[in-house]
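S.K.: One structure, pasted below without further comment.
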Amino acid sequence: MTPDWRPSPNFGARKGGAVPELIVLHYTAMESCDAACRTLCNPENEVSAHYLIGPDGHVIQMVEESQRAWHAGAGTWQGRGDVNSRSIGIEMSNTGFAPFAAPLFNSLEVLLRQIMTRWDIAASGIIAHSDFAPGRKIDPGKRFDWQRLARQGLAVWPRALEAAAPDMARFRAAAVSFGYPVDAEPEVLLASFRLRFNPTACGALCARDVALAEALTREFGIDQAGAGA
(Lines give C-alpha, C1' and ligand atoms only; values in the text may rest on other atoms or scores of the structure.)
Protein backbone atom coordinates (compact mmCIF):
# COMPACT_ATOMS: atom_id res chain seq x y z
CA MET A 1 0.00 0.00 0.00
CA THR A 2 1.30 3.43 -0.98
CA PRO A 3 -0.67 6.22 0.71
CA ASP A 4 -1.38 9.56 -0.92
CA TRP A 5 0.94 12.10 0.70
CA ARG A 6 -0.71 15.30 2.00
CA PRO A 7 1.64 16.79 4.56
CA SER A 8 0.35 18.42 7.74
CA PRO A 9 2.43 21.07 9.50
CA ASN A 10 1.10 19.86 12.84
CA PHE A 11 3.83 17.60 14.19
CA GLY A 12 7.10 17.60 16.11
CA ALA A 13 9.85 15.32 17.32
CA ARG A 14 9.01 12.39 19.55
CA LYS A 15 10.09 13.18 23.09
CA GLY A 16 12.64 11.40 25.21
CA GLY A 17 13.81 9.12 22.43
CA ALA A 18 10.42 7.42 22.24
CA VAL A 19 9.51 5.22 19.30
CA PRO A 20 6.05 3.96 18.30
CA GLU A 21 4.82 1.15 20.52
CA LEU A 22 1.10 1.88 20.16
CA ILE A 23 -1.31 2.48 17.30
CA VAL A 24 -4.29 4.62 18.25
CA LEU A 25 -7.52 4.31 16.26
CA HIS A 26 -9.87 7.28 15.90
CA TYR A 27 -12.92 8.31 13.95
CA THR A 28 -13.08 11.79 12.47
CA ALA A 29 -16.67 12.65 13.55
CA MET A 30 -16.96 14.67 10.33
CA GLU A 31 -19.24 14.34 7.33
CA SER A 32 -16.50 13.86 4.74
CA CYS A 33 -12.93 12.66 4.42
CA ASP A 34 -11.95 15.86 2.59
CA ALA A 35 -13.21 17.99 5.46
CA ALA A 36 -11.26 15.88 7.92
CA CYS A 37 -8.10 16.16 5.84
CA ARG A 38 -8.41 19.95 5.72
CA THR A 39 -8.86 20.06 9.48
CA LEU A 40 -5.88 17.82 10.16
CA CYS A 41 -3.66 19.85 7.84
CA ASN A 42 -4.70 23.30 9.09
CA PRO A 43 -1.98 24.81 11.32
CA GLU A 44 -4.58 26.84 13.22
CA ASN A 45 -6.20 23.64 14.51
CA GLU A 46 -3.02 22.16 16.04
CA VAL A 47 -4.25 18.63 15.41
CA SER A 48 -3.06 15.91 13.05
CA ALA A 49 -2.65 12.18 12.57
CA HIS A 50 -0.20 10.03 10.71
CA TYR A 51 -2.91 8.53 8.50
CA LEU A 52 -6.47 9.17 7.39
CA ILE A 53 -8.57 6.47 5.71
CA GLY A 54 -11.61 7.38 3.62
CA PRO A 55 -14.83 5.37 3.27
CA ASP A 56 -13.64 4.21 -0.15
CA GLY A 57 -10.46 2.79 1.38
CA HIS A 58 -8.23 5.60 0.12
CA VAL A 59 -5.31 6.13 2.53
CA ILE A 60 -3.75 9.54 3.11
CA GLN A 61 -0.52 10.04 5.03
CA MET A 62 0.00 13.43 6.69
CA VAL A 63 2.92 12.90 9.10
CA GLU A 64 5.99 10.68 8.84
CA GLU A 65 5.81 7.73 11.22
CA SER A 66 9.08 8.75 12.84
CA GLN A 67 7.54 12.06 13.91
CA ARG A 68 5.11 12.92 16.72
CA ALA A 69 1.66 13.70 15.33
CA TRP A 70 -0.86 15.56 17.49
CA HIS A 71 -3.75 13.12 17.65
CA ALA A 72 -3.92 11.72 21.17
CA GLY A 73 -4.16 14.59 23.62
CA ALA A 74 -4.26 14.07 27.37
CA GLY A 75 -4.44 10.60 28.85
CA THR A 76 -2.40 7.62 29.98
CA TRP A 77 -2.04 4.03 28.89
CA GLN A 78 -0.25 1.33 30.86
CA GLY A 79 0.68 3.89 33.50
CA ARG A 80 2.42 6.33 31.16
CA GLY A 81 1.40 9.58 29.50
CA ASP A 82 2.48 11.43 26.33
CA VAL A 83 0.71 8.92 24.15
CA ASN A 84 1.56 11.07 21.12
CA SER A 85 5.28 10.32 21.52
CA ARG A 86 4.60 6.59 21.90
CA SER A 87 2.09 6.07 19.12
CA ILE A 88 1.02 6.26 15.51
CA GLY A 89 -2.43 7.76 14.98
CA ILE A 90 -4.91 6.53 12.37
CA GLU A 91 -8.07 8.53 11.70
CA MET A 92 -10.97 6.79 9.99
CA SER A 93 -13.56 8.84 8.12
CA ASN A 94 -16.75 8.08 10.03
CA THR A 95 -19.30 10.24 11.82
CA GLY A 96 -19.55 7.88 14.76
CA PHE A 97 -23.18 7.06 13.97
CA ALA A 98 -22.75 4.76 10.97
CA PRO A 99 -21.08 1.39 10.33
CA PHE A 100 -17.50 1.55 9.13
CA ALA A 101 -17.36 1.07 5.36
CA ALA A 102 -15.97 -2.27 4.15
CA PRO A 103 -13.28 -0.69 1.89
CA LEU A 104 -12.11 1.44 4.82
CA PHE A 105 -11.81 -1.59 7.07
CA ASN A 106 -9.94 -3.55 4.39
CA SER A 107 -7.39 -0.75 4.01
CA LEU A 108 -7.06 -0.42 7.77
CA GLU A 109 -6.10 -4.08 8.05
CA VAL A 110 -3.38 -3.74 5.41
CA LEU A 111 -2.04 -0.56 7.00
CA LEU A 112 -1.98 -2.04 10.49
CA ARG A 113 0.02 -5.04 9.31
CA GLN A 114 2.57 -2.76 7.66
CA ILE A 115 2.97 -0.47 10.67
CA MET A 116 3.12 -3.36 13.16
CA THR A 117 5.87 -4.99 11.11
CA ARG A 118 7.90 -1.79 10.68
CA TRP A 119 7.89 -0.93 14.39
CA ASP A 120 7.48 -4.38 15.95
CA ILE A 121 4.20 -3.37 17.61
CA ALA A 122 2.26 -6.15 19.32
CA ALA A 123 -1.46 -6.71 18.84
CA SER A 124 -1.97 -5.49 22.42
CA GLY A 125 -0.57 -2.13 21.29
CA ILE A 126 -3.55 -1.43 19.03
CA ILE A 127 -5.86 0.70 21.16
CA ALA A 128 -8.85 3.02 20.95
CA HIS A 129 -8.72 6.74 21.63
CA SER A 130 -11.36 6.06 24.28
CA ASP A 131 -9.13 3.49 26.00
CA PHE A 132 -6.62 5.99 27.36
CA ALA A 133 -8.92 9.03 27.59
CA PRO A 134 -12.02 7.75 29.45
CA GLY A 135 -14.75 10.32 29.75
CA ARG A 136 -13.05 12.62 27.25
CA LYS A 137 -13.15 10.55 24.07
CA ILE A 138 -15.44 7.79 22.77
CA ASP A 139 -13.90 6.96 19.39
CA PRO A 140 -13.80 4.71 17.46
CA GLY A 141 -17.02 3.84 19.27
CA LYS A 142 -19.46 0.99 19.64
CA ARG A 143 -19.80 0.31 15.91
CA PHE A 144 -16.13 -0.51 15.41
CA ASP A 145 -15.45 -4.24 14.96
CA TRP A 146 -12.57 -5.03 17.32
CA GLN A 147 -13.23 -8.75 17.14
CA ARG A 148 -12.62 -8.73 13.39
CA LEU A 149 -9.18 -7.22 13.97
CA ALA A 150 -8.43 -9.64 16.80
CA ARG A 151 -9.23 -12.66 14.63
CA GLN A 152 -6.38 -11.56 12.34
CA GLY A 153 -3.91 -10.76 15.10
CA LEU A 154 -4.39 -7.01 14.62
CA ALA A 155 -5.82 -6.36 18.09
CA VAL A 156 -6.59 -8.35 21.22
CA TRP A 157 -9.76 -9.93 22.50
CA PRO A 158 -10.16 -12.07 25.66
CA ARG A 159 -10.17 -15.74 24.76
CA ALA A 160 -11.12 -17.62 27.93
CA LEU A 161 -13.66 -16.08 30.30
CA GLU A 162 -14.01 -17.44 33.81
CA ALA A 163 -16.84 -17.07 36.30
CA ALA A 164 -16.89 -13.68 37.99
CA ALA A 165 -19.05 -11.54 40.24
CA PRO A 166 -20.06 -7.91 39.57
CA ASP A 167 -17.45 -6.48 41.91
CA MET A 168 -16.22 -2.98 41.01
CA ALA A 169 -12.93 -3.36 42.87
CA ARG A 170 -12.14 -6.52 40.92
CA PHE A 171 -13.15 -4.90 37.65
CA ARG A 172 -11.08 -1.78 38.26
CA ALA A 173 -7.98 -3.74 39.25
CA ALA A 174 -8.20 -5.88 36.13
CA ALA A 175 -8.91 -3.01 33.76
CA VAL A 176 -5.98 -0.99 35.13
CA SER A 177 -3.69 -4.00 34.87
CA PHE A 178 -4.62 -4.29 31.22
CA GLY A 179 -3.71 -0.65 30.65
CA TYR A 180 -6.65 1.65 31.48
CA PRO A 181 -5.87 4.82 33.48
CA VAL A 182 -5.66 4.31 37.22
CA ASP A 183 -7.18 7.72 37.97
CA ALA A 184 -10.43 7.22 36.02
CA GLU A 185 -13.60 7.27 38.09
CA PRO A 186 -15.17 3.79 38.29
CA GLU A 187 -18.27 4.56 36.21
CA VAL A 188 -16.23 6.45 33.63
CA LEU A 189 -13.79 3.55 33.42
CA LEU A 190 -16.66 1.11 32.96
CA ALA A 191 -18.18 3.18 30.16
CA SER A 192 -14.85 3.37 28.34
CA PHE A 193 -14.20 -0.35 28.74
CA ARG A 194 -17.66 -1.23 27.43
CA LEU A 195 -17.19 0.87 24.30
CA ARG A 196 -14.60 -1.63 23.19
CA PHE A 197 -15.24 -4.93 24.93
CA ASN A 198 -18.92 -5.04 25.92
CA PRO A 199 -20.74 -2.52 23.68
CA THR A 200 -24.25 -3.94 24.12
CA ALA A 201 -24.15 -3.68 27.92
CA CYS A 202 -25.88 -0.92 29.84
CA GLY A 203 -26.62 -0.07 33.44
CA ALA A 204 -24.64 -1.22 36.44
CA LEU A 205 -21.48 -3.30 36.32
CA CYS A 206 -22.27 -6.90 35.41
CA ALA A 207 -20.43 -10.19 35.84
CA ARG A 208 -19.48 -10.25 32.14
CA ASP A 209 -17.65 -6.90 32.47
CA VAL A 210 -15.52 -8.36 35.25
CA ALA A 211 -14.95 -11.65 33.42
CA LEU A 212 -13.80 -9.81 30.29
CA ALA A 213 -11.46 -7.51 32.20
CA GLU A 214 -9.92 -10.35 34.20
CA ALA A 215 -9.41 -12.43 31.05
CA LEU A 216 -7.61 -9.50 29.45
CA THR A 217 -5.40 -9.19 32.52
CA ARG A 218 -4.51 -12.88 32.48
CA GLU A 219 -3.72 -12.88 28.79
CA PHE A 220 -2.31 -9.40 28.14
CA GLY A 221 -1.96 -7.56 31.47
CA ILE A 222 1.07 -5.64 32.64
CA ASP A 223 2.59 -4.69 35.98
CA GLN A 224 1.98 -1.02 36.70
CA ALA A 225 3.89 -1.07 40.00
CA GLY A 226 0.77 -1.31 42.09
CA ALA A 227 -1.48 0.82 39.85
CA GLY A 228 -4.21 -1.79 40.04
CA ALA A 229 -4.13 -1.99 43.81
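S.K.: Would you mind working out the magnitude of the charge dipole of the stretch 140-186 relative to its Cα centre, with +1 at each Lys and Arg C-beta and -1 at each Asp and Glu C-beta, to the nearest 20 Debye? Mind dumping the intermediate values first?
M.R.: Values: 7 positive and 5 negative charges, 62 e Å.
Rounded to the nearest 20 debye, it is 300 debye.
S.K.: If you don't mind, there's one more thing I want to ask. Give me the percent relative contact order of the stretch 77-209, please, defined on Cα pairs under 8 angstrom at least 6 residues apart.
M.R.: On the way: 123 pairs, mean separation 40.5, N = 133.
Answer for the stretch 77-209 is 30 percent.
S.K.: Another question about this same structure. Averaging sequence separations of C-alpha pairs under 8 Å and six or more residues apart, then dividing by the length of the chain, give the relative contact order as a whole percent.
M.R.: Values: 468 pairs, mean separation 47.5, N = 229.
Reported relative contact order: 21 percent.
S.K.: Taking only protein heavy atoms and a 1.4 Å probe, what accessible area per residue, in Å², does the stretch 1-62 have with all protein chains in place? Numbers along the way, then the final one.
M.R.: Values: 2970 Å² over 62 residues.
Heavy-atom accessible area per residue stands at 48 Å².
S.K.: Give the average over all directions of the projected area of the C-alpha convex hull of the stretch 10-107, one decimal, in nm². Before the final figure, lay out each step's value.
M.R.: Numbers: hull surface 25.5 nm².
Its average projected convex-hull area is 6.4 nm².
S.K.: Ordered by packing density, taken as the mean number of other Cβ atoms within 10 Å over each peptide's residues, highest first, how do 83-91, 189-197, 132-140, 39-47 rank? Numbers along the way, then the final one.
M.R.: Details: 83-91: 24.9, 189-197: 22.1, 132-140: 20.6, 39-47: 14.9.
Listed from highest to lowest mean packing, they are 83-91, 189-197, 132-140, 39-47.
S.K.: Could you calculate the contour length gain from ARG118 to THR200, that is, 0.36 nm times the residue separation minus the distance between their Cα atoms, to one decimal place in nm?
M.R.: Details: separation 82, 0.36 × 82 = 29.52 nm, distance 3.49 nm.
Stretched fully, the ARG118-THR200 segment lengthens by 26.0 nm.
S.K.: Ok, one more. So what is the diffusion coefficient of the chain in µm² per second by Stokes-Einstein at 10 °C and 1.306 mPa s, using a Kirkwood Rh over Cα pairs?
M.R.: On the way: Rh = 17.8 Å.
Reported coefficient: 89 µm²/s.
S.K.: On to the next question. Any chance you could run the full-extension gain for ARG38 through ARG208? It's 0.36 nm times the residue separation minus the Cα-Cα distance, nm to one decimal. Please list the in-between numbers first.
M.R.: Details: separation 170, 0.36 × 170 = 61.20 nm, distance 4.16 nm.
Full-extension gain reported as 57.0 nm.
The values are calculated or read from the model by the stated rules, or taken from the named source; none is laboratory data. These numbers were taken from a predicted model, which means no experiment stands behind them. Every residue, glycine among them, receives a Cβ derived from its backbone with ideal geometry; neighbour counts consider all protein chains shown. Just so you know, the surface numbers come from the protein's heavy atoms only, side chains and all, with ligands and any DNA or RNA stripped out. Shrake-Rupley method; radii C 1.70, N 1.55, O 1.52, S 1.80 Å.
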